[in-house]
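All remarks here apply to the structure that follows.
Derivation of every value follows stated rules applied to the coordinates shown; laboratory data play no part. Source: prediction; values computed, not measured. We place every Cβ from the backbone using ideal geometry, glycine too, and count neighbours over all the protein chains shown.
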Amino acid sequence: MINLDLAAKLAEKFGALLAVPVEFRGEVTLTVADAEKIADVCAFAKRDLGFDYLVDISSVDNYGEDPRWMIVYELYGYGHRCHLRLKTHVSEEKSELPTVTSVWKTADWHEREIYDMMGIRFRGHPDLRRILMWDGYPYFPLRKDFPLGGKPSEMPDVAFTKPAPLEGGPFVTIAGGTGTVSREPRTRTPET
């Protein structure tokens, strides 16, 4: 069985809920129109199609667009050796979708990381709390509206009280300029 056959079975089961499968360079992607149904689609993919391994769950911040977030599920089946990508979208107003921890227990830490870094909640998660940042941290640092230089903290015993310095870091550049070389922090002197 190949990826497109498995995607067609999902489409047959869920009909209009799924967009037409897209194949690019041998990878098949299905978009789930209603994020509320993602757990049902994942459960069918595991139980009936043999996608027994959840490789990853990631999130993409489409800041300025609606819906703002895209959640991406990377699935694999050891029996048939096929990959499948499921995508769904979540609006900023709702910023919540059902957990898939009842389908794959390994979703636990993936969903906690997405919650911690993006602020997207997973309804029904058994232990939805921060996994990288400390409890009480008020921001979500992987959102595109989070400044690269960080934000001040009111917890001096836990973290910096001023934004963490990122001078010379690989991702801190100056907007504008005459070209990429002038924006690169490692090529600037401290006076510029």
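Against the empirical curve 2.2 N^0.38 Å, the C-alpha radius of gyration of region 45-141 lands at a ratio of 1.12. Checking every one of the trypsin sites (Lys or Arg not before Pro) in region 1-50 against DSSP loop status and a limit of 16 other Cβ atoms within 10 Å picks out Arg25.
Sorted on the mean count of surrounding Cβ atoms within 10 Å across their residues, most packed first, peptides 38-44, 133-139 read 38-44, 133-139. Residues with beta-carbon under 14 Å from that of Tyr76, excluding Tyr76: net charge, scoring Lys, Arg +1 and Asp, Glu -1? For residues surrounding Tyr76, the net value is -1.
Using C-alpha pairs under 8 Å with a sequence gap of at least 6, the mean separation divided by the residue count of region 51-149 gives a relative contact order of 22 percent. Other residues within the sphere of radius under 10 Å centred on the Cβ of Arg121, judged by their own Cβ, net out at 0 (K and R +1, D and E -1). Remark: for residue pairs Lys46/Lys105; Lys105/Lys144; Lys37/Lys94, the C-alpha separation exceeds 19 Å in Lys105/Lys144.
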